[in-house]
Amino acid sequence: MAIPDAGFRRCISSGKFLVLVTLLVWTFSLKAQVNVVTYQYDNTRVGSNLQEKTLTPSTISSTRFGRLFRQPVDGTIYGQPLYLSKVKIKGKHVHNVVYVATEHDSVYAFDADDNRGEDANPLWHVSFIDPDKGITSVPSRDYLRCPAIVPEVGVTSTSVIDIATGTLYVESMTKESDSNTASYVHHLHALDVKTGKERPGSPVKIEATVPGTGDGSDKVVFTPKNQRQRPGLLLLNGVVYTAWSQQCQGLDPYHGWLIGYDSKTLRQVSVFNNTPNGVEASFWNSGAAPAADNNGNIFLAAGNGSFDYNTGGGNLGQSYIRLSTQHGLKFEDYFAPFDVVHMNRHDIDLGSSGILVLPDDVGSALHPHLLVGAAKDGRIYLIDRDHMGGHHSDSDSQVVQSFTGAITQFVYLGKPAYFNGSVYFCGTGNSLKQFPISDGKLETSARSQTTAQFEFPGCVPTISANGKADAILWLLESKGVLRAYDPSNLSNELYDSNQVATRDALGAYVKFSVPIVANGKVYAGTQDALVAYGLLSQDMRSASPTSSKTPH
């Protein structure tokens, strides 16, 4: 075959051809790898990784699949693990890396494929505390009325990675004490994914003020002790957004805040408060990060709190909220249920669940752009995200769908997932259920469901597939079990980690936690470790004990 031009011949003869081929191979392999850089894979929070080619239903059995290793950490992992492929760690080799953060205010980078030899130790580990200087994580005893997270509060939310700059953004809470006083401080950190070192300008102390009468004066001030950065971080168009819940119900003042920072400089660029003239209505969403669509709109679900926006009061408790980011952060639209007063009175929290932005191919001509969520009582809401509907006092007839009785016996928490024309919900005291959606409508009864019932707090499903093929639905159960199901028929359980518990046991479960699937492995955080599952080597299969549980 003829070589097309002289320049190319010179490239070969000079030895540059080998370099060129190497770069092309490296680029192709990098693209073939999956990176998990945000909560539930992307900003729509769809909960599906459609590029998984190794794990298939035929390989997920206790004879072929199991726990590969665990890496101990110094505190509880509440946030979802994140994953980057082919990272050149300073002073080490190129690694696939899993990142986790703990309530002891630590961040770890682990080799994603092994824990032997030099990979037995973290690739790097950073801590945001300095006890000798009086800087510690926050003891749960400081919240005696409701210590929801024990025994300490540090890093709670899922972090986010800017893959273009190799920066990991993490929010931390610390207690800073001297001989006379103690203060509570939130920081946003920007860490180099290769070293864990702070980027220039990092960290930045989180503070905010907006006009309003909600705190009894002419302004509302962010109160660090009372606020928790519970939802995952959102990185959107060069801005890192932090969304805020309460540390403790009744520990006032607190509000729902969304605070944005320039991803390069960490300069604060936007602040939104949904109850500036009222109280509460935080964004907690069972840890789910704010959702965003391709037009740069952000969607939030507010919990119990003041609602009077429909009468000019400016407060958006118990609401789904749309914010535009086209020209700065700007409130644009909302939906509040007809029975918002009843919901507030009885702790029926609209903000108990994260929002899922659905793909356009399930919409209709009348409602092409949809989102779905659910309240604590299990009512499902399917909403046109272009025209959210505001508030009607007698019914929810202005939204696409609003119906009850489908997903829970007691309390719905967590966040739904979507795959191949179906939405999956998992409520407390209920089965995981599949609801097909097409032409802009959800079926109101489940097409399939698990035989297992899930205790508090239910579960958060995530799905791996190769396009539409070889799909597997994964979840973590509160009993400390990793489970895998056929998402087209949820009565077909493929695997659970108690089938060979002596080999595969997950460990102590963390509420609202969700596993990730990346490049043939499943990663989950627990109360004291990162745990990795995958296909077993022949040696591991040979050494596996007899199944301690009958598969079902």
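Computed from the coordinates by the stated procedures, all read-outs in this text should not be read as laboratory data. Here the structure is a predicted model, which means the values were calculated and not measured. For neighbour counting, all protein chains shown are included, and Cβ atoms are generated from backbone atoms with ideal geometry for every residue, glycine included.
A few points about this structure:
- In the structure shown, the pairs LYS53/LYS521; LYS90/LYS264; LYS479/LYS511 are assessed against 19 Å; a Cα-Cα span above that value is assigned to LYS90/LYS264.
- In Hz, Karplus ³J(HN,Hα) per residue of the range 354-365 (6.51, -1.76, 1.60; θ = phi - 60°; x = Gly, Pro): x, 8, 10, 7, 7, x, 5, 6, 9, x, 10, 4
- Tail fraction, Cα-Cα pairs, the range 369-441, threshold 18 Å, whole percent: 38
- Alpha-carbon radius of gyration plus Dmax, which is the widest Cα pair, for the range 100-204 in Å: 15.2, 48
- Distance (nanometres) between label positions extended 7 Å along Cα→Cβ at ASN420 and LEU251: 4.5
- R0 of 22 Å, Cβ-Cβ distance PHE403-HIS342: FRET efficiency to nearest 0.05: 0.85
- In the chain, the inverse of the mean reciprocal separation of distinct Cα atoms equals 24.2 Å; this is its Kirkwood hydrodynamic radius.
- Inverse of mean 1/r across different Cα pairs in the range 173-250, Kirkwood, Å: 14.8
- The count of lysine pairs in the range 131-252 with alpha-carbon distances below 18 Å, taking only pairs 8 or more places apart or on different chains, stands at 6.
- Peptides ranked, highest mean first, by Cβ atoms within 10 Å: ranges 432-445, 294-307: 294-307, 432-445
- Ranked by how many other beta carbons lie within 10 Å on average, peptides 48-60, 133-145 from highest: 48-60, 133-145
- Additional length obtainable on full extension of the chain from SER140 to GLN326, 0.36 nm per residue less Cα span: 63.0 nm
- The HN-Hα couplings worked out from phi for the range 240-254 by the Karplus form 6.51 cos²θ - 1.76 cosθ + 1.60 (θ = phi - 60°) are 9, 9, 10, 10, 10, 10, 8, 6, 7, 4, x, 8, 8, x, 8 Hz, whole numbers, x standing for Gly and Pro.
- Distance between the pseudo-spin-label points of ARG447 and SER393 (7 Å out from Cα toward the beta carbon): 4.1 nm.
- Vicinal HN-Hα couplings computed from phi for the range 402-413 (Karplus, 6.51 cos²θ - 1.76 cosθ + 1.60; Hz; Gly/Pro x): 8, 8, 10, x, 9, 10, 8, 8, 10, 9, 9, 10
- Under 18 Å from a label point set 7 Å out along the Cα-to-Cβ vector of ASN237, the amide N atoms of the range 303-329 belong to 321-329.
- Here's the list of aspartates and glutamates a cross-link from LYS468 could span, going by alpha-carbon distance under 17 Å and ignoring same-chain residues fewer than 8 apart: GLU52, ASP360, ASP361, ASP486.
- The range 481-532: translational diffusion in µm²/s, Stokes-Einstein, Kirkwood Rh over Cα pairs, 10 °C, 1.306 mPa s: 133
- Two-site label geometry, THR213 and ALA182: point separation in nm, points 7 Å out along Cα→Cβ: 3.6
- Burial ranking of peptide ranges 453-459, 350-356 (average Cβ count within 10 Å, highest at the top): 350-356, 453-459
- Ranking of HIS327, HIS93 by count of other Cβ atoms within 10 Å, fewest first: HIS327, HIS93
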